[in-house]
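Following: one structure in structure tokens, then a few remarks.
The values are calculated or read from the model by the stated rules, or taken from the named source; none is laboratory data. Being a predicted model, the structure only gives us computed values, none of them experimental. All Cβ positions, glycine included, derive from the backbone under ideal geometry; neighbour counts span all protein chains shown.
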Amino acid sequence: MKQSNVRESALEVLLKIEKDQAYSHLLLNETIKRTNLKEKDIPLLTEMVYGTIQYQMRLDYYISTFSKRPLEKLEDWVVILLRLTLYQMVFLDRIPDHAAIHEAVQIAKKRGHQGIAGMVNGILRSVQRNGVPKVSEIKDALERVAVETSHPVWLISRWSEQYGPEQAKKIAAANLQHPVHTVRVNLSKTSVEEVMNSLHQEGIEATRSENIPESLVISRGSVINTKGYKEGAMTIQDEGSMLVAYALAPEEGERILDACAAPGGKTTHLSEKMNSTGELVALDIHEHKVGLIRKQGERLGLTNIAAKALDARKAGEYFTKESFDKILVDAPCSGLGVIQRKPDLKWSKKQEDIHYLAKIQGDILWSVWPLLKPGGRLVYSTCTIDRKENNQVITEFIHAQENATLDKQLLDRLPLAFHDCQGAEEGMIQLFPGEKGTDGFFHISSH
């Protein structure tokens, strides 16, 4: 595929994300299949799409400096074409400016008319001649950090209130870094050494993780088409997510509830640690997502997972009281801890989403708590870093429940690399993006 076609594909994907709030990773996969994109062109398409989304606010700041018309007065596809081209000019070294500008003008002619093509050419040539404006000249401190790290002002403001301006900037800066890719080895079937050797034979660069014993860090290549992955030797999972199984610490023969289980990454990790003994009840509100849990379990050769479509808020109506040894609530959340992997989240989420989700999270906890045996363990987990969804939800719940206490032994169950995480000694762990090479997660254990 020619580079111009790669850019047109990138433009189409970005337009659908903007208009339909579609998921970037799903759209990219569909586009790659539909256009029969060559293997060598996939990294460029992926880089342009994710990079343009990731730096959207800063790119708009640059464009606004040279555009005679406000961006909201331009058609969506024109703004996105300008962002896409500017991203190549500012952030990618291997594409000459003149080539990127030429292709943008050609696309503008094809999609619009000579006038639009002339405007696109004029703006991009001005950037080429004069360079981009300095973000440091923005006077308002919040706005300056927002533009510099390309995050909505409300998000920088919120994190500043919750963690202080310095930590807020660190979080946002970490979100701009390329995420670390890790896989979890299925120790119920194979060993870390065997999987690592198998991946090396297929040209995948993999090294042992320093954080989690069953984790491998993938520095080059994709594991999803490898023999080992297809045969259930491993699962793609972030190490922050792997911590959940350590926090819950399931034992063989136990009956465990995973209240919000799809797509099944944490469920299958729990099952592997149980050696497929006992019963692991995995719930999700959507039937098609329950199918994903079953599919993952089958691929990994796990036999103790009972997946069921059920709203976790109604679990108390379906299961007998005090019938589970341990419960995992991997609650639906804003996902603000995984912006590194899903940059479109920072533009699609709104503050009101957080308040709505916090209510759901509390309702799930109240529903499943009576199902826990006396002295049992419940782990609450999210992939967000927002205090309202994390600390506030848990604090309110524990204050309202006389028999619920924070589990101060949580630290003893975690790998040594995570012992210095914020709140670990109190039974709460807050992982910030990039802190340990993981996404942002919150885990709490109570009993």
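Observations on the structure shown:
- Count of the range 314-365 residues which are over 30 Å from S157 (Cβ atoms) and surrounded by fewer than 17 Cβ atoms within 10 Å (Cβ to Cβ): 8
- Tally of residues being surrounded by fewer than 20 Cβ atoms within 10 Å (Cβ to Cβ) and without any contact (Cβ under 8 Å) to a residue 60 or more places away in the chain across the range 199-213: 7
- Selection within the range 403-447 - without any contact (Cβ under 8 Å) to a residue 40 or more places away in the chain and outside any loop (DSSP other than H, G, I, E, B): L411, D412, L416, Q422, A424, E425, E426, M428
- Of the residues making up the range 390-416, those that are surrounded by fewer than 21 Cβ atoms within 10 Å (Cβ to Cβ) and under 24 Å from E166 (Cα atoms) are N391, Q392.
- Taking the criterion of being over 19 Å from R83 (Cβ atoms), of a type in the set (S, T, N, Q) and part of a loop (DSSP other than H, G, I, E, B), the residues of the range 12-45 that qualify are T35, N36.
- Across the range 291-319, the number of residues qualifying as under 25 Å from I354 (Cα atoms) and assigned to a loop (DSSP other than H, G, I, E, B) comes to 2.
Each row is one residue, and each column tells you yes or no for (1) among the acidic types (D, E); (2) modelled with pLDDT under 85; (3) surrounded by 18 or more Cβ atoms within 10 Å (Cβ to Cβ).
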site	(1), (2), (3)
V6	no, no, yes
A10	no, no, yes
D20	yes, yes, no
T35	no, yes, no
L59	no, no, yes
S64	no, no, no
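- Whether a residue is closer than 23 Å to K295 by Cβ, touching a residue at least 12 places away in the same chain (Cβ under 8 Å) and over 24 Å from the mean Cα position of the chain (by Cα) was assessed, and K230 does not pass this test.
- Cβ-Cβ under 7 Å pairs, at least 6 apart or on other chains, the range 349-376 side assigned to a strand (DSSP E or B), far side hydrophobic (A, V, I, L, M, F, W, C): L372/F324; L372/I327; L372/L378; K373/F324; G376/F324
- Number of residues in the range 320-338 that are assigned to a loop (DSSP other than H, G, I, E, B) and of a type in the set (D, E, K, R): the value is 2.
- Exactly one residue among L336, L372, L365, L357 is out of contact with any helix residue (DSSP H, G or I) (no Cβ under 9 Å at 6 or more places or on another chain) and modelled with pLDDT of 95 or more, and that residue is L372.
- Condition check for S222: at pLDDT below 95 and more than 17 Å from the chain's Cα centre (by Cα): yes
- Flag for G265 being within 23 Å of F319 (Cα to Cα) and either surrounded by fewer than 20 Cβ atoms within 10 Å (Cβ to Cβ) or assigned by TED's automatic domain parsing to the domain that holds L431 (or both): no
- Single unsatisfied condition, E148 versus (1) of a type outside the set (S, T, N, Q); (2) surrounded by fewer than 21 Cβ atoms within 10 Å (Cβ to Cβ); (3) assigned to a loop (DSSP other than H, G, I, E, B): (3)
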